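Heads up, the thing below is written out as structure tokens.
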Amino acid sequence: MLKLKLQFSRFLGLLLIVCFTFFTVYVANSQQLPLVEYQSKTFARETSKYKLAAEVLLETGIGKIYDTHFDHLMSLLIGKGDDYKVYTRFRKMFVREIGWRHFKDAYAAKLEADFSEDELKELLNLSKQPVMKKLLKSEVQAYMDTSKQRFKMGFELWDNYNNGKINLPPD
């Protein structure tokens with residue numbers, strides 16, 4: 001009976017997360033972004049500062065990093081953490097529906113607003129340095145290499161919490 005209740009609660013949790021995801025995608029796609037003073041009527045502007053910001057994001061690989069962070073959701077969604085193929089398919093779905101391509105213009109606009117043109121040029125030069133490229137690539141690869149372990153540990157943590165083996169830390 002306890003196993004049935006646990007499976008049912010996992011199913012409800014999965015259903016809740018999937019519904020929340022689709023609701024988020026629906027709301028994000030149905031709303032117009034408000035125009036602020038640093039945005040023009042066409043969101044993806046062609047100013048030199050915006051182009052620099054977009055190139056900094058591309059060179060640093062922030063988009064790829066953004067799309068890998070769906071792993072946290074995956075560890076809650078999927079069973080015992082041993083079906084990596086299903087996990088990979090879920091990540092692809094999240095990337096497709098709410099991934100980097102939906103937010104890259106907002107990130108570029110934020111960089112454009114927060115950094116001067118000279119600072120963006122400096123960031124771009126830094127991101128093109130071989131040792132910086134190596135660092136950024138290494139960070140993404142380390143995250144991907146530990147993905148299966150993080151996935152399994154996330155499930156075990158959630159399972160232990162639900163079975164009363166661990167408690168939330170105090171405030």
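The values are calculated or read from the model by the stated rules, or taken from the named source; none is laboratory data. Keep in mind the model is a prediction, meaning the values are calculated, not measured. Quick reminder, even Gly has a Cβ in these numbers, built from the backbone with ideal geometry, and neighbours come from all protein chains shown. These area figures cover heavy atoms from the full protein model, side chains too; ligands, DNA and RNA do not enter into them. Shrake-Rupley method; radii C 1.70, N 1.55, O 1.52, S 1.80 Å.
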Practice item. Among the residues of region 137-171, count how many are out of contact with any Ser or Thr (no Cβ under 6 Å at 6 or more places or on another chain) and within 21 Å of Asp67 (Cα to Cα). Key: 15
Review point. Name the pairs whose Cβ atoms lie under 8 Å apart, with the first residue in region 152-168 and open to solvent by less than 60 Å² (accessible area, probe 1.4 Å), the second assigned to a loop (DSSP other than H, G, I, E, B) and modelled with pLDDT of 90 or more, and 6 or more positions between them or separate chains?
Key: Asn160/Ile166
Study note, to complete from the structure: Counted residues in region 97-109 being closer than 17 Å to His69 by Cβ and either part of a helix (DSSP H, G or I) or more than 18 Å from the chain's Cα centre (by Cα) (or both) come to 8
Check your understanding: If we keep just the residues of region 28-67 that are of a type in the set (Val, Ile, Thr) and at pLDDT 80 or above, which is least open to solvent (accessible area, probe 1.4 Å)?
Key -> Val56
Check your understanding: Restricting attention to region 129-138, does a residue exist that is touching a Gly at 6+ places or on another chain (Cβ under 7 Å), under 26 Å from Lys51 (Cα atoms) and open to solvent by less than 60 Å² (accessible area, probe 1.4 Å)?
Key -> yes
Check your understanding: Taking Lys121, is it more than 15 Å from Glu59 (Cβ to Cβ), open to solvent by 70 Å² or more (accessible area, probe 1.4 Å) and among the charged types (D, E, K, R)?
Key -> no
